[in-house]
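Scroll down for the structure; my scribbles are underneath it.
The values are calculated or read from the model by the stated rules, or taken from the named source; none is laboratory data. Note that this is a predicted model, so its numbers are computed, not measured. With ideal geometry, Cβ positions are generated from the backbone for all residues, glycine too; neighbour counts draw on all protein chains shown.
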Amino acid sequence: MSRRVTAWVAAIALLAAMLVPGPGTLAAAADVTFGAPSATATLGQPLVVTSTFTAPQRPTRVELLSHLPSERIVSVETADVATEPGGGFRATLTEQGHVLPNTTLLYRFRVTLPDGSSALGPEASATVTDDRFDWRTLDGELVRLHWYDGDDAFAQRAVQIGDEAVRGAEELLGVQETERIDFFIYAAEGEFRDALGPGTRENVGGQAVASIRTLFGLIRPSEINSDWVDVLVTHELTHLVFNTAVDNPYHLPPRWLNEGLAVFRSQGYTVGDRALVSQAARNGELIPLDGLAGLFPTGDGFSLAYAESASGVSYMIDTFGQEALVKLIRSYASGVTDDEAFSAAIGRTAAVLNDEWLASLGASAPEPLGPRPAPPGPTPPGWADVPIAVSAGAGFGPPRLGALLPLVR
Amino acid sequence: MLDSGWMAGPPAPAPPTRRNTPLILGVAIALIVAVAVAGALGFRSAANPGGTTRPRATSTLRPGSGTPNLGENHVVVSGQAPGRWDPALVGDAGSAGALSQVFESLTALDAANRVQPALAASWDVTDAGRRVTFQLRDGIAFSDGRPITGDDVRRSWLRVLDPQRPSPLASLLGDIQGANEYLSGSGSAADVGIDATGAQVVVRFRRPAAYFVSAASSPTLAVVPADLPESASGPLLPENLVVSGAYVPESQTDTEILLRANPRYWAGRAPIEQVLVKTSLDDRSPVDVFQANEIDYVPIARDDAAWIKYQRDLGPQLRRSSSLSVIYYGFTTTKPPFDSADVRRAFAMAVDWDRLVRLDDPEAIPATSLVPLGIEGRGSEDFSPKPDLEGARAALAAAGYPNGKGFPDVTLVSSGGSYEEAVASELEQVLGIHLSVEVMPFADYSSRLDSDPPQMWTLDWIADYPHPQDFLGLLLETGSRSNVGEWSNPEFDAAIDRAAATDDPVAQEAAYSDAQRVVRDQVPVIPLRYGDSWALSRDGLLGAAETGVGFLRYASLAWDGR
């Protein structure tokens, strides 16, 4: 089976900040009264949030404040304001962008008056629904499955796999999940991609979104009884528990570590992955681990990136033991650098580990092929020969010639 | 009002780095999608952030209907559609980058950030720096053939100061005699020290301003025709737009802008006849688009660069640019609690800013000054605040808030940065205070900074000309329209005056250093990091190097061997 699993554990930085009025709140704002806010939140349609309010004057601005329950950063957007026929105003914000299903948004309006005072409306919540299907729901210990294709036995199996995957990851990483995890299973690729929205890479078969504690998976009817179910569920839930284990506002672990653990737990370091890695080592095409710290390659390099990630995790376990791997992962929660984390866990920096891992594969560290300076282009007549620098201290009188401003590279 | 320097606006279609990319999407949840999509990369990083900016539909633009007919001599680049087609009315780097291709200024920056003659053939700086005389090139003309004269320059620059509709970067002209008075409505255009006679433009300054030759390269000060249509104040390309620059815009859809070389450009027709600017990649990964040979130059995320540098095909086409930009935090110093220098010092000392930057990106360069590296005269002294947790707590106590007791809830507002959550966390842990964090779309954020600056904010500022004045003078001098935090300090102002008043580079650097010592002590701002960017550029494409102000110069592009 080709690699189809990926996850985006990257949390989104939206925080639930305190929404109490600031020191600028003055008396005038006390005269603002709000109606009950409401929202329509259906996949594929604009998200519309609205509320009526009265105010002694027309506000200078009306904003929608929104955030995810699990996050502290508040998103602020300017709302449209219209006068209501019977007096008062109506604030409306329409968001055209794609929003993932099962996203719950806490929101409220903020009205600012000409004197600078501001008033906050009541907070409400809305959850984006995907109403294209007749969803069925099955609760496990921690995992709640949402599916529309497949029988009860399939759902039972998926939930069982999910709960076991969470327990296993919890035990491994020494954390405990306490909040429910929703798992939406789509039965057709088009339906799955419509849920995830534009820009989803074509080889993505699953996605974990930790900030809304939701997994999305593609399991076609023909795959319901296959190993793919186990692989997908275990992989994505490992990401989610991994995110809990490393959560910090400063620095995320390298992606190869996250993906490598998810692959290793769901499939192990498979024969197929070993072959991919070995072939890349022979051909001098291995991407060093530091090249897999962020985004993964697209196209042909996609599967190799996952295979290398699994290889890296396998190497760490074989060389330093599982305990060291767990220590490494957990250390990120305290906001350490990669080198601090690796040095504390295995006594060597990430770069040294990378070299040793490559050596174990019979490969040497590849030389970067870029970045390279842009080849110079044509310049207007006179420019190349007569650079005129005007810089600090260029001073007065005729411009000085020839002084260059160095660029930092 | 955001004057001078360019705020890095919502970037063109490009991917975001994991934690350092301008992020701000509509509603909070839109960010969730962002993780699955390409990121955003900004000319500036005002919050260069961790999600993806999703270009909002510009409903009045006709949808793209496939790639337009392109001749053989063309290049396809990623870029941002200007928020307005009037260079006097834009204040973000993306818009400036677009308009700099179609409207020319008297001077220009080359790829090495050197000031070069553009519409002006030469200039003289006299009267101890209080007068600059520009001599325009002979025979220069707008794209419709009308000659470009000194009157066009004067009129274009007065538009920047128009008190009825001032440019967000009006402070670029703030040292010209009578400019501030005209801008504020207390003076007249006739009294502004810009005189034009034929092909000569004489600019008189209220204080020495030799830097102005460099400032004149700003796209804001580009020369526009007298009949620039009112519709240019909007985002839609006016019909038959007459330009002074290297390219004439032919068409615009919601996903692309087509430019054609201007045969009347002062330097002659540009080597590339057509430039197709992709203003949207339809949420596709920039790397995918590049690999599909659909684009020749596209900014990418730092996190993509990490693997691309080892990739055989793409690695040699990877480019990295350092921009003359700085990300910094600022305080509104006219309102409690940040009217207290002790409170500001407490915030500055409570965080290990260098570590914060390196945690986000080990290759990033933490700022040691408000003036980026690469700007001559910035000095080499480290003016950045250093962590001192006990000192921070003591400063907060001295301000009347021992252990944070009684400290009001304060809010940090940004347009979506990489560091806000970490900054808030550090400040809360060390000082025992509560800091809310709000994130706004860039346009709303810019407007908010103009009209009602938040208590604490952050900006990514890209130079519009390479000089310390563009950072220290414009961002912090008393009364500057770009002084968002409304900080005022006589000692600082005097140092800036001293810097402007000397023609001795050593003395000028010393004066700027004096000014920065005041900044370090009084903490109106906290410089965080300097900027850089990554891009993929097609093999054989020459001249695809961003200048320090974050632009490609399309007129300097060419295909090798064609």
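Quick look at the values:
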quantity	calculated
From A:L328, A:L353, residue being closer than 30 Å to B:R319 by Cβ, out of contact with any Cys (no Cβ under 7 Å at 6 or more places or on another chain), touching a residue at least 60 places away in the same chain (Cβ under 8 Å) and of a type outside the set (D, E)	A:L353
So B:L528, is it over 21 Å from B:P316 (Cα atoms) and under 18 Å from the mean Cα position of the chain (by Cα)	yes
Subset of region A:69-106 [out of contact with any Pro (no Cβ under 9 Å at 6 or more places or on another chain), more than 8 Å from chain B (Cβ to nearest Cβ) and in a strand (DSSP E or B)]	A:D80, A:A82, A:T83, A:R90, A:T92
Filter result (touching a strand residue (DSSP E or B) at 6+ places or on another chain (Cβ under 8 Å) and exposed (fewer than 15 other Cβ atoms within 10 Å of the Cβ)) within region A:97-122	A:P122
Selection within region B:356-382 - among the acidic types (D, E) and in a helix (DSSP H, G or I)	B:D360
Residue ID - surrounded by the fewest Cβ atoms within 10 Å (Cβ to Cβ), chosen from residues in region A:43-63 that are in contact (Cβ under 8 Å) with a residue 12 or more places away in the chain and of a type in the set (S, T, N, Q)	A:Q57
Candidates B:T279, B:T332, B:T253 - the one that is farther than 20 Å from B:G94 by Cα, of a type in the set (V, I, T), crowded, with 19+ Cβ neighbours inside 10 Å and out of contact with any helix residue (DSSP H, G or I) (no Cβ under 8 Å at 6 or more places or on another chain)	B:T332
Subset of region B:362-383 [away from chain A (no Cβ under 11 Å) and of a type in the set (A, V, I, L, M, F, W, C)]	B:A364, B:A367, B:L370, B:F383
1 or more residues β-branched (V, I, T), more than 14 Å from chain B (Cβ to nearest Cβ) and buried (at least 22 other Cβ atoms within 10 Å of the Cβ): qualifying strands (runs of 3 or more DSSP E) within region A:140-219	A:143-147, A:181-186
Residue check for B:L536: over 21 Å from the mean Cα position of the chain (by Cα), buried (at least 23 other Cβ atoms within 10 Å of the Cβ) and part of a strand (DSSP E or B)	yes
Filtered residues of region B:176-215 (kept if under 26 Å from B:D450 (Cβ atoms), within 14 Å of another protein chain (Cβ to nearest Cβ), in a loop (DSSP other than H, G, I, E, B) and of a type outside the set (F, W, Y))	B:R207, B:A209
Conditions (1) under 34 Å from the mean Cα position of the chain (by Cα); (2) assigned to a loop (DSSP other than H, G, I, E, B); (3) modelled with pLDDT of 95 or more; number of the one not met by A:S66	(2)
Members of region B:237-249 found to be surrounded by 16 or more Cβ atoms within 10 Å (Cβ to Cβ) and over 16 Å from B:R155 (Cα atoms), listed by number	B:L237, B:P238, B:L241, B:G245, B:A246, B:Y247, B:V248, B:P249
Residue check, B:S451 at the interface with chain A (Cβ under 10 Å from one of its Cβ atoms), of a type in the set (G, A, S) and either touching a Lys or Arg at 6+ places or on another chain (Cβ under 8 Å) or under 26 Å from B:S171 (Cβ atoms) (or both)	yes
Count of residues meeting criterion [under 15 Å from B:P527 (Cα atoms) and either within 11 Å of another protein chain (Cβ to nearest Cβ) or not in a helix (DSSP H, G or I) (or both)] in region B:333-355	4
Odd one out for B:L359 among (1) within 11 Å of another protein chain (Cβ to nearest Cβ); (2) in contact with a helix residue (DSSP H, G or I) (Cβ under 8 Å, 6 or more places away or on another chain); (3) over 18 Å from B:T458 (Cβ atoms); (4) of a type outside the set (S, T, N, Q)	(3)
Options A:V229, A:V277, A:V263; residue that is more than 14 Å from chain B (Cβ to nearest Cβ), in a helix (DSSP H, G or I) and crowded, with 24+ Cβ neighbours inside 10 Å	A:V263
Residues (under 14 Å from B:P468 (Cβ atoms) and of a type in the set (D, E, K, R)) located in region B:488-516	B:D497, B:R498, B:E509, B:D514
Close pairs (9 angstrom Cβ cut-off, 6 or more residues apart or separate chains): in contact (Cβ under 8 Å) with a residue 60 or more places away in the chain in region B:418-435, outside any loop (DSSP other than H, G, I, E, B) and among the basic types (K, R) anywhere	B:Y419/B:R529; B:V430/B:R393; B:L431/B:R393
Options B:V213, B:V243; residue that is within 30 Å of B:G479 (Cα to Cα) and β-branched (V, I, T)	B:V213
Yes/no for B:D460 being touching a Gly at 6+ places or on another chain (Cβ under 8 Å), away from chain A (no Cβ under 11 Å) and not aliphatic (A, V, I, L, M)	yes
Subset tally (residues that are surrounded by 24 or more Cβ atoms within 10 Å (Cβ to Cβ), touching a Pro at 6+ places or on another chain (Cβ under 7 Å) and either within 14 Å of chain A (Cβ to nearest Cβ) or not in a loop (DSSP other than H, G, I, E, B) (or both)) for region B:216-232	2
Conditions (1) under 25 Å from the mean Cα position of the chain (by Cα); (2) surrounded by fewer than 24 Cβ atoms within 10 Å (Cβ to Cβ); (3) polar (S, T, N, Q); (4) at the interface with chain A (Cβ under 10 Å from one of its Cβ atoms); number of the one not met by B:Q291	(1)
Selection status of A:S70, in contact with a strand residue (DSSP E or B) (Cβ under 9 Å, 6 or more places away or on another chain), crowded, with 23+ Cβ neighbours inside 10 Å and either of a type in the set (S, T, Y) or more than 19 Å from B:S415 (Cβ to Cβ) (or both)	no
Test: B:D191 is within 26 Å of B:A463 (Cβ to Cβ), modelled with pLDDT of 95 or more and among the acidic types (D, E)	no
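Okay, residues lined up against (1) free of Cβ contacts under 8 Å to residues at least 60 places away in the same chain; (2) assigned to a strand (DSSP E or B); (3) of a type in the set (D, E); (4) more than 11 Å from every other protein chain (Cβ to nearest Cβ):
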site	(1), (2), (3), (4)
B:G245	no, no, no, yes
B:S251	no, yes, no, yes
B:D254	no, no, yes, yes
B:L258	no, yes, no, yes
B:W266	no, no, no, no
B:R269	yes, no, no, yes
B:D283	no, no, yes, no
